[in-house]
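**Student:** Before I ask anything, here is the structure I am working with.
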Amino acid sequence: MIDYTFEKKTNIMSLLEDLQWRYATKKMNGAKIPQEKLDYILEAARMSPSSSGLQPYKIIVVSDPALLEKIKGIAYNQTQITDCSHLLIFAAWDGYSDERVSEVFNYMMDERGLPHSKMDAYKQTILALYETKGTEWQAHHAAKQSYIAFAMAIAAAAEQKVDATPIEGFIPEKLDELLKLKESGYHSTVLLPLGYREAEQDWLVNMKKVRTPKDIFVTEMTIADAADLQEAPVNVSLDSFTQK
Ligand SMILES: Cc1cc2nc3c(=O)[nH]c(=O)nc-3n(C[C@H](O)[C@H](O)[C@H](O)COP(=O)(O)O)c2cc1C
C-alpha cells in the first residue's frame, strides 16, 4: 500500500492555497518527480467521478525522451513536453458499445458481490439514449469525462508541489496515429506534463493570477428568473438500478 499521507495538511484552506500556488508552467527544468508523487497524482485521477461510473478514459504515461521528442513536434514544440518528468496523456473512448459498457458494469457488480443482471435495465436505458446521439457525440461525451480526471490530476499535483501544464495545444489526430490509439478505440483529449519549474526562464511564474470576478462567475437563480417551459418532462427514469 502506498502511503498517501506523506504531505498531509492540517490547514483547511490548503486546497485553495495549492490552487493559488499552481500555474500553467511555461518552462520546466527536466528534474524527475518521485515515483510516490506520480502515483498519488494518478490515483487522484483514477478516483475521479464519471458519468454512470464508466470511466470512459485512460491515462498514458510517457517519460521516454525519444517518444517525448516526437510528441513535442505534435504539440507545437512546447518545451514542457521534453523538459517534464512525466507526460500524462488523457485518452477517451471513441464511443459507447454494449461490450464496453457491459465490461465495466460487470466488473462493478463483481466487486460489489451483486449479479450482473442488476445493471441490465440501466445499461439498456443509457445505451439506447447514447445510440440516438451518434458516435461523434459519444466520443465528445467520453472526452468531457476525461477532463474531470484531468482536473483532479492538476489539483493533486498542486497539493504535492509538483508543477504541471494543462495542454490542449497539440494535434490530436497526429498523436493518436503516433500512439496507435485508434486501434484500441481511444482518442487523445488533453496532455499534462508534470515536473518542476525553471523559474528564471519562466515568464508566467511571477504574474498575478487572474480569474473572472466572483460576482460575475457565480449567479444565483430562483423560479422568478426561469422560463415558463410548456413541454412535458421526458418520461424516462435513470433510476432503474434501484427499481430492480
Ligand atoms: C484545457 C486547457 C488547455 C490548455 N492548453 C495550454 C497549452 O497548450 N499551452 C500552455 O502553455 N498552456 C495551456 N493552458 C494553460 C492556460 O492558459 C492557463 O491554465 C490559464 O491561462 C490560467 O492560468 P494558470 O493555469 O497559470 O492559473 C491550458 C489550460 C487548459 C485548462
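All of the numbers you see were taken from the coordinates with simple rules; none came from a lab. What you are looking at is a predicted structure, and each value in this text was computed from that prediction instead of being measured. Using ideal geometry, Cβ is built from the backbone for each residue, glycine included, and neighbour counts are taken over all protein chains shown.
**Student:** Per residue of the range 132-138, in order, report the coupling 6.51 cos²θ - 1.76 cosθ + 1.60 (Karplus, θ = phi - 60°) as ³J(HN,Hα) in whole Hz, putting x for Gly and Pro.
**Tutor:** In residue order, the calculated couplings are 5, 7, x, 6, 4, 4, 4 Hz.
**Student:** Subtracting the Cα-Cα distance from 0.36 nm times the residue separation, let me have the gained length for residue 121 to residue 63 in nm, one decimal.
**Tutor:** On the way: separation 58, 0.36 × 58 = 20.88 nm, distance 4.28 nm.
That works out to 16.6 nm of additional length.
**Student:** Can you check what the net charge comes to around residue 93, using other residues whose Cβ is under 15 Å from the Cβ of residue 93 (Lys, Arg +1; Asp, Glu -1)?
**Tutor:** On the way: positive: 58, 100, 133, 144, 182; negative: 94, 98, 99, 103, 131, 136, 176, 183.
After counting each charged neighbour, the total is -3.
**Student:** Assuming R0 = 41 Å, what is the FRET efficiency of residue 98 and residue 204, from their Cβ-Cβ distance, to the nearest 0.05?
**Tutor:** On the way: r = 46 Å, r/R0 = 1.13.
Calculated transfer efficiency: 0.35.
**Student:** Output the peptides 184-194, 158-168 sorted from most to least packed, where packing is the average of other Cβ atoms within 10 Å over each peptide's residues.
**Tutor:** Working: 184-194: 22.6, 158-168: 20.9.
Descending packing order for the listed peptides: 184-194, 158-168.
**Student:** Quick one: what are the phi-derived ³J(HN,Hα) couplings along the range 97-112, Karplus 6.51/-1.76/1.60 with θ = phi - 60°, whole Hz, x for glycine and proline?
**Tutor:** So the Karplus estimates, Gly and Pro as x, are 10, 4, 4, 5, 5, 4, 4, 5, 5, 5, 4, 4, 5, 4, 5, 9 Hz.
**Student:** Can you give the helix-only mean residue ellipticity at 222 nm for the chain, where every DSSP H stretch with n ≥ 4 adds -39500 (n - 2.57) and the sum goes over all residues, rounded to the nearest 500 deg cm²/dmol? Please list the in-between numbers first.
**Tutor:** Values: 10 runs with 103 residues, N = 244.
Counting only the DSSP helices, I get -12500 deg cm²/dmol.
**Student:** On to the next question. Take residue 114 and residue 128, extend 7 Å from each Cα along the Cα→Cβ direction, and tell me the distance between the two endpoints in nm.
**Tutor:** 2.0
**Student:** Same structure again: List, in order, the whole-Hz ³J(HN,Hα) value for each residue of the range 177-192 obtained from phi through the Karplus relation with A = 6.51, B = -1.76, C = 1.60 and θ = phi - 60°; use x for Gly and Pro.
**Tutor:** Karplus values, whole Hz, x for Gly and Pro: 5, 4, 8, 6, 6, 4, 4, 9, x, 10, 9, 6, 10, 7, 10, 9.
**Student:** At a 10 angstrom cut-off on C-beta neighbours, averaged per residue, how do the peptides 34-47, 170-183, 215-228, 110-123 rank from highest to lowest?
**Tutor:** The densest-packed peptide leads the list: 34-47, 170-183, 110-123, 215-228.
**Student:** Which number gives the lysine pairs in the range 67-206 that have C-alpha atoms under 21 Å apart and are eight or more places apart or on different chains?
**Tutor:** Here the count comes out as 13.
**Student:** Give me the log10 of I(q) over I(0) for the range 105-156 at q = 0.19, 0.26 Å⁻¹, as the Debye formula computes it from C-alpha points; what are the numbers?
**Tutor:** -0.84, -0.90
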